[in-house]
Amino acid sequence: MSRLFNSIVRVCVRVRLSLHISIISTAHPALKAFVCGSLSGTCSTLLFQPLDLIKTRLQTQQNNAKPGAPKVGMFTILINVIRTENFFSLWKGVTPSFVRCIPGVGIYFSTFYSLKQHYFLERAPNAGEAVLLGASARAVAGVCMLPFTVIKTRFESGCYNYVSVAGALRSVYETEGIRALFSGLTATLLRDAPFSGIYVMFYSQAKKALPQEVTSSPYAPLVNFSCGMVAGVMASLATHPADVVKTHIQISPSHWSTADAIRYIYKEHGTGGFFRGAVPRSLRRTLMAAMAWTVYEQLMARMGLKS
């Protein structure tokens with residue numbers, strides 16, 4: 001496992017070298033954090049996009065299902081997509097995911113780095129401060145990239161026949177207005193800000209509890225990934241209801257407010273409706289976050305910066 005992550009880091013470093021290394025090496029530390037975050041987001045997005053598509057399809061089919069209809073599981077969705085479309089349809093929506101995640105993760109990590117260097121230069125943040133730090137960085141990135149989140153959700157749902165990200169943005173803007181591109185903002189922030197806050201808290205506290213010789217050993221990537229897995233599971237389960245509400249709103253923003261969506265989901269599907277798609281989302285978010293943080297920390301270390 002350690003060899004795997006070291007290989008990923010080496011690939012990302014080689015990509016970075018092609019990005020005018022002479023410019024990056026003299027750039028502001030926040031820009032370096034942006035580059036590291038963007039590269040880590042590229043790796044994790046490409047690997048785990050199928051899980052996001054399955055999660056969105058599960059939530060969409062639940063919302064469109066008639067009361068009393070049999071529930072559909074993630075493996076049924078997986079087989080159905082491959083059978084009725086093709087294997088590579090599991091990566092449908094990967095283009096808007098790239099457009100959203102590559103700069104979005106970069107914005108997140110550069111904001112996180114800047115805030116941490118400004119407020120916690122002399123000491124490590126405690127648990128409460130870690131929550132605020134992660135939530136603040138995610139809120140900034142979430143607002144900036146929300147239009148692409150809306151388009152990504154629609155691509156994955158299978159309910160729209162958009163050809164390109166630019167065409168989808170133009171279509172939504174012309175037919176539904178600018179507000180549709182920011183639909184689900186409240187639900188998105190209720191999902192992403194707490195997720196990142198909870199994640200950073202568990203991640204930092206788990207690393208702090210380990211001996212220094214373990215976290216700084218050759219097995220540091222594996223340690224970082226393991227801590228990220230634990231943090232990701234906790235954060236994913238805590239914020240999944242907001243993800244269900246967000247998907248419901250963004251598929252048909254003209255019909256739903258956040259409160260209306262919550263009432264409808266509870267009335268039609270009960271409490272369990274708020275956890276539809278929790279397994280694929282938890283797998284994806286946990287693995288993505290763990291890998292992104294592992295690659296980010298290794299790249300920052302290679303650049304001589306404290307993450």
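Bear in mind that the values in this text are calculations on the coordinates, not laboratory data. Note that this is a predicted model, so its numbers are computed, not measured. Heads up, the Cβs are rebuilt from the backbone with ideal geometry, glycines too, and the neighbour counts pull from every protein chain shown.
See the values below:
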item	result
Selection from S216, G106, M300 lying farthest towards where the dipole of the chain points positive, charges on Cβ	S216
Relative contact order (%) - criterion: Cα under 8 Å, at least six apart; region: the chain	27 percent
Per-pair calculated FRET efficiency, R0 = 22 Å: I82 and L46 via Cβ, rounded to 0.05	0.75
Percentage relative contact order, the range 153-264, counting C-alpha pairs under 8 Å, at least six apart	35 percent
Ranked packing of 34-45, 232-243, 122-133, most packed first, by mean Cβ within 10 Å	34-45, 232-243, 122-133
Separation of the V72 and T271 label points, Cα + 7 Å toward Cβ, nm	2.7 nm
Cα centroid of the range 83-125 to Cα centroid of the range 152-212, whole Å	10 Å
Helical mean residue ellipticity (222 nm; -39500 (n - 2.57) per DSSP H run of 4+; nearest 500) of the chain	-26500 deg cm²/dmol
FRET efficiency for Y264 and Y119, using Cβ-Cβ distance with R0 set to 35 Å, rounded to 0.05	0.30
Sites A127 and E213 - FRET efficiency at Förster radius 25 Å, r taken between beta-carbons, to 0.05	0.60
Principal-axis tilt of helix 29-64 within the chain, Cα atoms, nearest 10 degrees	20 degrees
Extended-chain gain in nm, criterion 0.36 nm per residue less alpha-carbon gap, A301 and S257	11.4 nm
Folded to 0 to 90 degrees: helix 74-84 orientation relative to the chain principal axis, Cα	70 degrees
Of K55/K246; K116/K152; K152/K246; K32/K207, those spanning more than 21 Å from alpha-carbon to alpha-carbon	K116/K152; K32/K207
For peptides 104-112, 141-149, sequence by mean Cβ density within 10 Å, most packed first	104-112, 141-149
